[in-house]
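Here is the structure we will look at.
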Amino acid sequence: MESKILKKVDFILANCEFLRASERIVKETTLTINVNGKHFAIAMILATLEKEFVIGNLYTQGIIQSAADITSLTVKNNIAEVTLSENKPRSEKQQTIASGLKVRHEDVFKCVRAILKSEVFTETEAVHSAGLFFDGKDAVCIAEDLGRHNALDKVIGRGFLQGIDFSRALASSTGRQPSEMIYKCLHAGIPIIATKGVPTTLAIEIAEKAGITIAGLVRGNAMTVYSHPERIV
């Protein structure tokens, strides 16, 4: 059965001698997003959780605030058609996060380890993973994509569909954490993001002002908390 996200590719393996070989490689899929009949964006994604990706992307940009804002959403032939309610109020993006969430440091390690078990990454070494965990314990969604931004949109989209309280959520992600990742958490209202990688200086500045905890270099039995350490106990 043909996979939506993997394709067998033939190649020449050069290692002291030249050998013909083949392996499965991830497929890059173009997804066109139209909103109310008008072109909104084109994204290059891994073709899984497409609806969740679209919803997460719209939500983190402040285009939608609740499920009631969406009249319909269909994905067909790599085109997402979104119809939004005509009565949808204009949303203001969050500037700060008010959350009393505190997470045990042991659970932070578990949340990061959970997204590092990707079978697709093990086979291809070509995807990023993200996860969303309620109270830093219960997995809402774990997703993979070509980019860490897309993977984060997918898990946020799943959380949006399930109507979770994002102020009680921890997001984990592979790779470095630039400012765009922190802004996505800010606009969704997520107070903690944990990663095996590191943030940028701008990401730390934004997180400090917004009230977001960044736990980086979460490896083995150690982590570096770059902002708002009071949330990790």
Which of the peptides 121-129, 218-226, 140-148 is most tightly packed, and how do the rest follow, going by the mean number of other Cβ atoms within 10 Å of each residue? 140-148, 121-129, 218-226
Sum up the charges of everything whose Cβ sits under 13 Å from the Cβ of residue 154, counting Lys and Arg as +1 and Asp and Glu as -1, but leave residue 154 out. -1
Integer Hz, Karplus 6.51/-1.76/1.60 couplings in order for segment 188-194, x for Gly and Pro: 7, x, 8, x, 9, 10, 10
Expected output is a single nm value to one decimal: the length gained when fully extending between residue 79 and residue 230, i.e. 0.36 nm times separation in residues minus the C-alpha distance. What is it? 50.0 nm
Highest-first arrangement of 56-65, 36-45, where packing means the average Cβ count within 10 Å: 56-65, 36-45
Run the numbers on segment 105-231 and let me know its relative contact order in percent, using alpha-carbon pairs under 8 Å that are six or more apart. 20
Of the GluC sites (Glu not before Pro) in segment 1-93, which ones lie in a loop per DSSP and count no more than 15 other C-beta atoms within 10 Å? 2, 28, 86, 92
Give me the aspartates and glutamates in straight-line cross-link reach of residue 76: C-alpha distance below 15 Å, same-chain residues under 8 apart excluded. 50, 52
Indicate the gyration tensor shape class of the chain (rounded, prolate or oblate), computed on the Cα atoms with a ≥ b ≥ c the square roots of the eigenvalues: a/c under 1.5 is rounded; otherwise a/b larger than b/c is prolate and the rest oblate. oblate
Scoring the chain by relative contact order with C-alpha pairs under 8 Å, at least six apart, yields a percentage of 17
Alpha-carbon centroids, segment 119-160 and segment 27-85: separation in whole Å: 17
Would you mind checking 7/117; 27/51; 4/154; 137/184; 51/102 for any pair whose Cα atoms are more than 25 angstrom apart? 51/102
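No value in this document is a laboratory result; all are computed from the given coordinates. These numbers were taken from a predicted model, which means no experiment stands behind them. Reconstructed Cβ throughout: ideal geometry from the backbone, glycine too, with neighbour counts over all protein chains shown.
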